[in-house]
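First the structure, in the form of structure tokens, and then the observations on it.
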Amino acid sequence: MEAKKELKVNAIKNGTVIDHIPSQNLFSVINILGLNNIQQQVTFGFNLESKKLGKKAIIKVADIYFKDAELNKISLVAPDAKLNIIRDYEVVEKKVVSIPDEVTAIVKCMNPKCITNHEQMVTSFEVVRKGPAALKCRYCEKITDQDHLEII
Amino acid sequence: MKNRSLVSITDYNKDEMLQILDLAGEFEKNPRQDLLHGSVVATLFFEPSTRTRLSFESAVNRLGGSVIGFSDSSSSSVSKGETLKDTILTVSNYSDLIVMRHPLEGSAKYASEVSPVPIINAGDGAHQHPTQTLLDMYSIRKTQGRLDNLRICMVGDLKYGRTVHSLLIAMIHFNPVFVFIAPEELKMPDEYKLLLDKNGIEYHEYKDIGDNMDDADIIYMTRVQRERFSDPLEYEKVKNVYILRNAMLGNTKPNVKVLHPLPRVNEINYDVDANPKAYYFEQALNGVFTRMAIISKILGVK
Ligand SMILES: [Zn+2]
């Protein structure tokens, strides 16, 4: 069964496979990791069946290994993401993501009267709760929760 | 405190708050001191607040410093679309300290990050107004002779009222008992009650004034504003419940003082003004001494 599922997206020789992304957040993950601005081959599957998520997405990035801090940024939109590190077609390491203590530059503050929504500047939040996430803006100190999370 | 911005009341610890209050007391005794001769303080009011601006400018002038700035962003380059960062960087070339009021929340913190000179937050939207808190504390200490173990009654809009939130945070250092009187829609938010629980501070909540302020040492009134209510009927129901009238002070303690951040609308009836328990106009005067103290500490002349 596993092998058959795997065929839905072409296998890569070296790189990173990011699985169990909620389908609706695929493009957020692409943006957060900057995959729209790289030269390496990226393949993705969208609206794949998943028992846990309903519809899931999967991304395979050839020849790139991400730093943990970078991967943890996607935890806000893909908290259940599972990562396989591939070397020579073999899975050499499996990783999960965890929400960092600080979130910088990727989330929009939900307070319309916050300075970050009016000035060209980088947002910054302290993570005050991890599951479901609650982020406290460093500027207006209002909470942006998982239900109102918007990726810049 | 020297060269440090004052953005939020939590920027000062208990000892620093007391240093400000002590110094404000010195300035009250001797208000003319030429400590800021040659210094320039900018007052940038991106939204108008005449009362607060005059209080700051009076403080700077009494210290012998000069003031530059604007009182309304429509008359400045801000109306031409200049960013806050650019305004702050430009003005910092001309001044030793920037006092700013801005309608957006978090603006003062951002300004303090980009500015090479210290920032004093004179109000950033509904967020913070720390100099108001320090002048409230000064008024409380001056009228009660102490800050510790007081019973503080807060009345009106306890949900959106930034002054009551900051005062609550500051007074946690002094073991108060709080009495909150507010309509259901405007009651003290849970985050502040949790903070009190965490610090072992006693508090009581009521919907009516009744006799609930009779034991208070301080009665802190706030405006109940129509625009805070999602349901206009709800406002009509409560708008007259939180008006303080002279007769309601009959059974209160002899030492009690009524504070209000001003300007008032109708929440304190004019018949209270002549009562010696009314303190809101003296409170405003205390603002000048408190701001003299804050400015002097930040500029390092005291
Ligand atoms: Zn914010």
- Listed pairs A:Lys108/B:Lys2; A:Lys55/B:Lys187; B:Lys239/B:Lys277; B:Lys142/B:Lys193 exceeding 31 Å between Cα atoms: A:Lys108/B:Lys2; A:Lys55/B:Lys187
- Note on the structure: Rounded to a whole %, the carbon-and-sulfur portion of the accessible area of chain A at a 1.4 Å probe is 49
- Message: Can you return the aspartates and glutamates within cross-link range of A:Lys56? Criterion is Cα-Cα under 12 Å, with same-chain partners fewer than 8 residues away left out.
- Response: A:Asp19, A:Asp80
- Task: Add +1 for every Lys or Arg and -1 for every Asp or Glu among the other residues with Cβ under 14 Å from the Cβ of B:Lys198, and state the total.
- Result: -3
- Normalised by the number of residues in the range B:98-251, what is the relative contact order in percent for Cα pairs under 8 Å and 6+ residues apart? 20
- Item | Length-normalised contact order of the range A:82-152 in % [C-alpha pairs under 8 Å, at least 6 apart] | 26
- Task: Give the interface area between chains B and A as buried accessible surface, both sides summed, probe 1.4 Å, in Å² to the nearest 100.
- Result: 1100
- Task: Please report, as a whole percent, how much of the solvent-accessible surface of the range B:184-261 comes from carbon and sulfur atoms (probe radius 1.4 Å).
- Result: 45
- Query: For B:Asn30 and A:Gln146, what does the FRET efficiency come to when R0 = 56 Å and r is the distance between their Cβ atoms, rounded to the nearest 0.05?
  - Reply: 0.50
- Query: If you take every DSSP beta bridge whose two residues both sit in the protein assembly as shown, what share of them, in percent to the nearest 5, is antiparallel?
  - Reply: 50
- Do you know the relative contact order of the range A:15-96, to the nearest whole percent, from alpha carbon pairs under 8 angstrom that are 6+ apart? 41
- In peptide A:133-140, what is the residue-averaged number of other protein chain Cβ atoms found within 10 Å of each Cβ? 4
- Compute the acute angle (0 to 90°) between the alpha-carbon long axis of helix B:162-171 and the principal axis of greatest extent of the alpha-carbon atoms of chain B; round to the nearest 10°. 90
- Message: Just to be sure I understand the interface: list residues from the range B:110-157 that lose 20 Å² or more of accessible area between the chain on its own and the complete protein assembly, 1.4 Å probe.
- Response: B:Tyr110, B:Glu113, B:His127
- So the angle from the long Cα axis of helix B:130-144 to the longest Cα principal axis of chain B, reported in degrees to the nearest 10, equals 50
- Using only Cα atoms, tell me the angle between helix B:280-298 and the longest principal axis of chain B; keep it within 0 to 90° and round to the nearest 10. 40
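If Rh is defined by the Kirkwood formula over all Cα pairs and Rg also comes from Cα, what ratio Rg/Rh do you get for the range A:102-148?
0.93
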- Message: Can you list the residues in the range A:96-117 whose accessible area drops by at least 20 Å² when all protein chains are present, compared with the chain alone? Use a 1.4 Å probe, heavy atoms only.
- Response: A:Lys113, A:Ile115
- Message: Given a 1.4 angstrom probe, what's the average accessible area per residue across chain A, in square angstrom?
- Response: 58
- Item | Surface per residue (accessible, 1.4 Å probe) for chain B, Å² | 41
- Helix-only mean residue ellipticity at 222 nm for the protein assembly as shown, each DSSP H run of n ≥ 4 adding -39500 (n - 2.57), per residue, nearest 500: -8000 deg cm²/dmol
- Item | Accessible surface of the range B:1-140 [probe 1.4 Å, protein heavy atoms]: carbon and sulfur percent | 45
- Item | Alpha-carbon Rg with Dmax, taken over the range A:46-119, Å | 15.9, 51
- Task: On a C-alpha basis, how far is the centre of the range B:229-261 from the centre of the range B:36-64 in Å? Whole number, if you could?
- Result: 32
- B:His37 to B:Asp215: FRET efficiency via 1/(1 + (r/R0)^6), r the Cβ-Cβ distance, R0 60 Å, to the nearest 0.05? 0.80
- Query: What aspartates and glutamates could a cross-link reach from A:Lys13, if we take a straight Cα to Cα line under 16 Å and drop same-chain neighbours fewer than 8 places away?
  - Reply: A:Asp63, A:Asp88, A:Glu90, A:Glu93
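The values are calculated or read from the model by the stated rules, or taken from the named source; none is laboratory data. What you see is a predicted model, and the numbers here were worked out from it, not measured in a lab. All Cβ positions, glycine included, derive from the backbone under ideal geometry; neighbour counts span all protein chains shown. Side chains included, ligands, DNA and RNA excluded: accessible areas come from the protein's heavy atoms. Shrake-Rupley method; radii C 1.70, N 1.55, O 1.52, S 1.80 Å.
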